[in-house]
């Protein structure tokens, strides 16, 4: 593996150390501030609001300047958001503001980090580094759950947030020292910023002329609804399960969720390899269907033994992540070089709009199901974040069926 890939994978893990601080502390903060499930979900969604607001600008800038410069700014902003949440946030609105700053910083780190790699490797070398970079999101979030889960009982949530802000600063330093600038012929020409840098609509139109790009971008948005809602609410769901007569577990819930997230790494990498063999679009449809089924099974298992519950939790994460690298690699490989940064920005924007919708939607449905006194509100909440996957698969199946009919008729 090339040095640049190793450096950026390590930096991504450090940047993500604060990602799970809120999901781990959610139940405690909810009780301390007397929040509804919807309000609790909105705090999680605020991270993605910050991401969505900044990512078009940040990623388009990487077509105009070395992505390293954008990345360094993002690392600093992420650290500020985490530190302020821990030290300054006193209520729901202040917490949302801090999460917006945190998400904005991550927007200037995640896709620009991938652009740092793509600018320094040949096109034929990109598929596996992209798969590893996407999959290592799970490594970073896994470590985040582990560290936050271990520190929370000892230090409290405020010290967890402020202390873990060191991670993005270390990532910033690592990239600053170990990533070389682009060779002079590859450096972008700086020019005055305009509206097209914030919302590069003309470039997005070019991206959307590519039907394959539309497929991968839409699929990524649906994928992210499920992924980020699940990551933000899974600790709370396991706490709900623990109130139904299960024996005491040998590990804390956040530690278990960290291990569950780790399984997403090989799943994403192996999924990308399977997609090479089976065809990307076919693989994505297959995995989304399995993810839909496993989510519902997981939500219905709350009265079962911990072995069944955790087994289904691992299975659900495997299927969520099995198409993650495939969706991103498919987009990057299908986009033209001159608009690749804008394509990655749109891909990331739509994906994290899914992340913005997912946690809040989950919390809202959970509240509504409680108000309606439904037997298991969590099944309805999980169902709300996976139904789009089923619709996506059905539409693609119908499209393929129509296409095959037309081809057969032409023959």
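Looking for whichever is surrounded by fewer than 18 Cβ atoms within 10 Å (Cβ to Cβ), without any contact (Cβ under 8 Å) to a residue 24 or more places away in the chain and under 20 Å from residue 358 (Cα atoms) here; the options are 88, 93. Which one fits?
The conditions single out 93.
Among the residues of segment 233-242, is any over 24 Å from residue 138 (Cα atoms) and in a loop (DSSP other than H, G, I, E, B)?
Checked segment 233-242: no residue is over 24 Å from residue 138 (Cα atoms) and in a loop (DSSP other than H, G, I, E, B).
Assess whether residue 130 counts as being surrounded by fewer than 23 Cβ atoms within 10 Å (Cβ to Cβ) and either in contact (Cβ under 8 Å) with a residue 12 or more places away in the chain or within 17 Å of the chain's Cα centre (by Cα) (or both).
The answer is no for residue 130.
Within segment 28-44, does at least one residue satisfy the condition of being at pLDDT below 95, within 14 Å of the chain's Cα centre (by Cα) and buried (at least 24 other Cβ atoms within 10 Å of the Cβ)?
yes
Among the residues of segment 138-184, which ones are without any contact (Cβ under 8 Å) to a residue 40 or more places away in the chain, over 25 Å from residue 90 (Cα atoms) and part of a helix (DSSP H, G or I)?
Hits for segment 138-184 are 173, 177, 184.
Taking the condition of being closer than 12 Å to residue 135 by Cα, out of contact with any helix residue (DSSP H, G or I) (no Cβ under 6 Å at 6 or more places or on another chain) and buried (at least 21 other Cβ atoms within 10 Å of the Cβ), how many residues in segment 232-277 meet it? Give the steps one after another, and end with the answer.
Taking segment 232-277 as the starting set, the residues that turn out to be closer than 12 Å to residue 135 by Cα are 261-272.
Narrowing the set further to residues that are out of contact with any helix residue (DSSP H, G or I) (no Cβ under 6 Å at 6 or more places or on another chain) leaves 266, 270.
Cutting the leftovers down to buried (at least 21 other Cβ atoms within 10 Å of the Cβ) gives us none.
So the count comes out to 0.
Return yes or no: is residue 50 in a helix (DSSP H, G or I), in contact (Cβ under 8 Å) with a residue 24 or more places away in the chain and within 17 Å of the chain's Cα centre (by Cα)?
Working: in a helix (DSSP H, G or I): yes; in contact (Cβ under 8 Å) with a residue 24 or more places away in the chain: yes; within 17 Å of the chain's Cα centre (by Cα): yes.
Against the criterion (in a helix (DSSP H, G or I), in contact (Cβ under 8 Å) with a residue 24 or more places away in the chain and within 17 Å of the chain's Cα centre (by Cα)), residue 50 qualifies.
Given the condition outside any helix (DSSP H, G or I), modelled with pLDDT under 90 and more than 20 Å from the chain's Cα centre (by Cα), answer yes or no: does some residue in segment 255-269 qualify?
No, there is no match, as no residue in segment 255-269 is outside any helix (DSSP H, G or I), modelled with pLDDT under 90 and more than 20 Å from the chain's Cα centre (by Cα).
The values are calculated or read from the model by the stated rules, or taken from the named source; none is laboratory data. Source: prediction; values computed, not measured. Cβ: placed from backbone, ideal geometry, glycine included. Neighbour counts: every protein chain shown.
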